[in-house]
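The next block holds one structure in the form of structure tokens; read it before the comments.
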Amino acid sequence: MTPTLLIKFGGTSVGAPESMQQSVDIVARAAKEWAHVVVVTSALSGVTDALLESARCAAEGNMQPFYRSEELLRERHAAIAARLVPDSGERARLMRSLNDLLASFRSLCQAVAVLGEASPRALDAIAALGERMSVRLLDAALRARGLPSRFVESGECIVTDDHFQNAYPDLDATRERTRTVLLPLLQGGLLPVVTGFLAATPEGVTTTLGRGGSDYSAALLAASLSADEVWIMTDVDGVMTADPRLVSEARSIPQLTYREVAELAYFGAKVLHPKTIRPVIEAGIGLRIANTFHPEHPGTWIVSDGEETRHGRIKAVTAVSGAALVTIEGRGMLGVPGVAARAFAAVAALKVSVTLISQASSEQSICFTVPADARQRVVAALEETFAAEIARRDIDRVWAGTEAVILTVVGAGMRRTPGIAGRIFTALGEAGVNVIAIAQGSSEVSISLVVDAADAQTALRAVHALTVEGGR
Ligand code: ADP
Ligand code: ASP
Ligand code: MG
């Protein structure tokens, strides 16, 4: 098999002339060392937000944000082109194709304004424009550097269902399409540069893989090509012991297992989209998260679960805000079968997702977290579902707490290691933080705690301090 590397650049890695220059340098170096290189790019930083905001306002009849975004998008792409695409003919061709995309942005927003509604399908067509623009720009910059780049829209490669805004890929069809489209390019000595984030239904209608989904695109393409390595290039030195925006002492973690990183991603470490991990593990592909702006730093390597030797260390902590803890309470629940099943069915019917479930030691209460903005709806649905039990006083009450934060402490083998939970609670106790609930997930690699939003920062720092002792 030909050694194949897939490099994904996030929005900040392509968001300004100097950043895109760094990304081009990284590709140029990799192309010397690897026989086959495929690049995946996000939209320039902030672009997806601007596109979606324009569409949302257009639906309310306000086209001002569209006009502002249209201008800003043209300027930002042109500023990068001015620096990285010196040939005026090439640059003019590039600007024409970007202007065509801006023209579709205009017609889509006008259509949304006329309809007074932005359907999920229209939002995907609009959101996808960010990557469709950035891929053309990066392609031109790579060619200006002498690399044999060829841009590809991932709608040609990744096939999904029509669950717009969060589409689900058909893995077999994706593998086949990806190989049909990309292998001939690679074998012809070209370097494909592919849009992240977007995909298409079998009929060719544009979909997207969900916010932050370019990481997932990279994983799907890598698995389809049986690549050897995927590098997720971002703006921090890999996965860190906590979100560096929240904890200034956060440090880069050299090595994490698949399960550890899966848990971190699921519980809010935005550095990697949670869906990225599975296709990559299943195909046995090496996964590295590294910094475009600090390319000599190794970043974080993700290793298979068997390779982690020093079990029982606290490696990292994440915080997910905007949760609310919902509690169903009542002595009469003891031994009544099916209460939990009915409760979760009622929540699922609202299409609200439950992030964690906490079991009390007695059967007198069930608590779980939902997004805080859904708490009213969830409580109302549960009161309706359990109206009979509430009337009989088998259930005393259903209630939602104030806004809470879920802290998740991650480290392989942690829950089997005696004393770790104790250390976490001691640290929180000493910091004066009250733990509202603990989640007993089945996962051996994490413990989740719910704390009041007001205590989140203190709790995060207190738990983060525990990563220092054995975190390296
Ligand atoms: P990209 O655009 O490159 O995909 P993202 O903004 O999606 O970048 O993700 C990178 C950001 O994730 C970092 O800038 C950092 O603020 C945030 N982040 C949150 N938790 C962590 C963590 N544990 N380790 C590293 N970064 C984290
Ligand atoms: N541009 C998309 C987003 O902002 C996808 C990505 O960056 O991963 O959500
Ligand atoms: Mg991202």
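The values are calculated or read from the model by the stated rules, or taken from the named source; none is laboratory data. This structure is a prediction, so every number in the text was calculated from the model and none was measured. We place every Cβ from the backbone using ideal geometry, glycine too, and count neighbours over all the protein chains shown.
Results, tabulated for the structure shown:
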| quantity | calculated |
| --- | --- |
| When residues of region 203-222 are limited to those that are within 12 Å of ligand 2 (Cβ to nearest atom) and in contact with a Phe, Trp or Tyr (Cβ under 8 Å, 6 or more places away or on another chain), the one farthest from residue 52 (Cα to Cα) | 217 |
| Out of 150, 175, 179, sole residue that is farther than 16 Å from residue 43 by Cβ, part of a strand (DSSP E or B) and either of a type in the set (D, E, K, R) or without any contact (Cβ under 8 Å) to a residue 40 or more places away in the chain (or both) | 150 |
| Members of region 368-417 that are in a loop (DSSP other than H, G, I, E, B) and farther than 30 Å from residue 461 by Cβ | 386, 392, 393, 394, 395, 396 |
| Qualifying positions in region 345-359 - of a type in the set (A, V, I, L, M, F, W, C) and within 25 Å of the chain's Cα centre (by Cα) | 347, 348, 349, 350, 352, 354, 356, 357 |
| Contacts under 8 angstrom Cβ, first residue in region 233-246 being without any contact (Cβ under 8 Å) to a residue 24 or more places away in the chain and closer than 17 Å to residue 45 by Cβ, partner within 13 Å of ligand 3 (Cβ to nearest atom) and aromatic (Phe, Trp, Tyr), 6 or more apart | none |
| Of residues in region 22-49 being within 12 Å of ligand 1 (Cβ to nearest atom) and of a type in the set (S, T, N, Q), the one farthest from residue 216 (Cα to Cα) | 23 |
| Test: residue in region 189-199 that is more than 16 Å from ligand 1 (Cβ to nearest atom), exposed (fewer than 15 other Cβ atoms within 10 Å of the Cβ) and free of Cβ contacts under 8 Å to residues at least 24 places away in the same chain | no |
| Selection count, region 22-43, where residues are over 16 Å from the mean Cα position of the chain (by Cα) and within 16 Å of ligand 3 (Cβ to nearest atom) | 2 |
| Considering residues of region 35-60 that are in contact (Cβ under 8 Å) with a residue 40 or more places away in the chain and touching a Pro at 6+ places or on another chain (Cβ under 6 Å) only, the residue surrounded by the fewest Cβ atoms within 10 Å (Cβ to Cβ) | 38 |
| Inter-residue pairs, beta-carbon under 8 Å, first in contact (Cβ under 8 Å) with a residue 12 or more places away in the chain and in region 98-117, second polar (S, T, N, Q), 6+ apart | 105/54; 105/69; 109/54 |
| Residue count, region 279-309 (criterion: outside any strand (DSSP E or B), touching a residue at least 40 places away in the same chain (Cβ under 8 Å) and among the charged types (D, E, K, R)) | 4 |
| Unique match (being touching a residue at least 60 places away in the same chain (Cβ under 8 Å) and within 16 Å of ligand 2 (Cβ to nearest atom)) among 257, 276 | 276 |
| Test: residue in region 36-59 that is more than 16 Å from ligand 2 (Cβ to nearest atom), at pLDDT 95 or above and among the small types (Gly, Ala, Ser) | yes |
| Residues (surrounded by 23 or more Cβ atoms within 10 Å (Cβ to Cβ) and hydrophobic (A, V, I, L, M, F, W, C)) located in region 399-432 | 404, 405, 406, 407, 409, 410, 412, 424 |
| The one condition in (1) under 27 Å from residue 33 (Cβ atoms); (2) within 16 Å of ligand 3 (Cβ to nearest atom); (3) surrounded by fewer than 16 Cβ atoms within 10 Å (Cβ to Cβ) that residue 245 fails to fulfil | (1) |
| Subset of region 232-277 (residues that are within 9 Å of ligand 1 (Cβ to nearest atom) and in a strand (DSSP E or B)) | 232, 233, 234, 240, 252 |
| Candidates 135, 85, 114 - the one that is exposed (fewer than 15 other Cβ atoms within 10 Å of the Cβ) and among the β-branched types (Val, Ile, Thr) | 114 |
| Cβ-Cβ under 6 Å pairs, at least 6 apart or on other chains, region 72-88 side under 22 Å from residue 48 (Cα atoms), far side charged (D, E, K, R) | 81/91 |
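For (1) farther than 21 Å from residue 32 by Cβ; (2) among the small types (Gly, Ala, Ser); (3) in a strand (DSSP E or B); (4) touching a Gly at 6+ places or on another chain (Cβ under 7 Å), each residue gets a yes or a no:
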{"residue": "143", "(1), (2), (3), (4)": "no, no, no, no"}
{"residue": "164", "(1), (2), (3), (4)": "yes, no, no, no"}
{"residue": "210", "(1), (2), (3), (4)": "yes, yes, no, no"}
{"residue": "222", "(1), (2), (3), (4)": "no, yes, no, no"}
{"residue": "226", "(1), (2), (3), (4)": "yes, yes, no, no"}
